[in-house]
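Each value in this text was obtained by applying a stated rule to the coordinates, not by laboratory testing. Predicted model, so just to flag it, every value in this text is computed and none were measured. Cβ coordinates were reconstructed from backbone atoms using ideal geometry, including for glycine residues, and neighbour counts include every protein chain displayed.
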């Protein structure tokens, strides 16, 4: 059984606990990569199954079905930071393994759900498990490796996450061809394997005995604020962006966000402590991830819609057509440390989104409404996949600028930025696509311009930072 490691307070940029890292560090990496893949895949794999679900739940409207996606997005985003902070306090290994158990059990509930209500409840439980798993996986990974290897392992971790996010459509398309319930059942064997391996390999890391719990008021304030932000985003299209209900929710959301920010500023033990943002690299990475995922989530949605609606691809064919993108993302994420050694972490963080912007511009000028995958779409996948792989590793590596006992909380903040950005990116894409026939190419041009703009903005955000760590 793995031992327990108490993590004392340490200054920003402190070296890892052991010069060479944990003796079982590569096994730890394998377990955490599998867990991260399982949780991240479920963020996007369900999208492609919604039409098939509608045939199983007769009488369910599109608005009803949207809660299969929205319930997960809201709860996951809102719980990331509280779960990460509590994991730092009570034990990262404990939180991760229980999170996997919750996630896998909820997956079984989703697969067997006899009604839409039970399916949505299962998705809420999945989101709780995912929030316990995703930030904690990075919080366990960084202390297991020496500082000089952080770039390599974060690149692998980010590569797994990028492949999981981008693989949602192709994997979902293949499984939906069998039965949509299989998109949930595939989580069960992964969950069982990772719990067994995790109990044997993962060390326990927690705050020192006697450390204070985070302020309960700030936990509630952050949860409600993030839930409101995501809710107002995902429901805007259904309620109407200028409707009375939506405007009222804007006001409530602004009050909740103000309360959460105020508590973080004034309380020394807030769930998101203001000291986290003393690291410029971390602060900039949080903003850059939010902006990057505005465009990235938009791309994940618009690509499937374009291939199916404009070019008439089936769900399976569209999923397979997207595969080169995640493959390139994996290759460049895993090797982002080598690229950073040549060009520098800062240049990689600045340049990665520009590749993605170039891919969006390629689709604007090269894609035809009449098809032509290899000449008019495939090159953009290669360019965009390169950008996705290069961008994420140096941004997530900014968690290494934080004290050792705040690595999981920092990872949770970064993942929260990603999730909120993704929700808003999808909402904006829906608005941009809502005004014309789905086969109109000009409609997709709007979204590709939006993606290009967000990627340039993400690059500019990283450009202004002055990183205080190296991932070489």
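Below, the figures for the structure above:
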read-out: Length-normalised contact order for the chain - Cα pairs under 8 Å, 6+ apart - percent; value: 26
read-out: Ordering of 380-390, 365-375 by burial proxy (mean other Cβ atoms within 10 Å per residue, highest first); value: 380-390, 365-375
read-out: Most to least packed among 194-202, 411-419, 424-432 [average Cβ atoms within 10 Å]; value: 411-419, 424-432, 194-202
read-out: Cα pair count fraction exceeding 22 Å, expressed as % - the stretch 306-448; value: 49
read-out: Estimated FRET transfer efficiency when R0 is 30 angstrom, pair residue 188-residue 331 (beta carbons, to 0.05); value: 0.55
read-out: Cα gyration tensor shape for the stretch 215-270, rounded if a/c is under 1.5, else prolate or oblate; value: prolate
read-out: Mean separation of Cα contacts under 8 Å, 6 or more apart, over the residue count of the stretch 215-270: relative contact order %; value: 53
read-out: Radius of gyration and Dmax over the Cα atoms of the chain, both given in Å; value: 21.0, 66
read-out: Separation of alpha-carbon centers, the stretch 78-130 and the stretch 178-252, rounded to whole Å; value: 8
read-out: Cα→Cβ-extended label distance, 7 Å offset, between residue 453 and residue 252, nm; value: 2.9
read-out: Cα→Cβ-extended label distance, 7 Å offset, between residue 178 and residue 374, nm; value: 3.1
read-out: Cβ-Cβ FRET estimate between residue 283 and residue 431, R0 fixed at 30 Å, reported to 0.05; value: 0.55
read-out: Per-peptide average of other Cβ atoms within 10 Å, ordering 444-453, 121-130 highest first; value: 121-130, 444-453
read-out: Rg/Rg_globular for the stretch 174-235, with Rg_globular taken as 2.2 N^0.38 Å and Rg from C-alpha atoms; value: 1.84
read-out: Added length on full extension, which subtracts the Cα-Cα distance from 0.36 nm per residue, residue 265 to residue 26; value: 82.2 nm
read-out: R0 of 30 Å, Cβ-Cβ distance residue 217-residue 124: FRET efficiency to nearest 0.05; value: 0.80
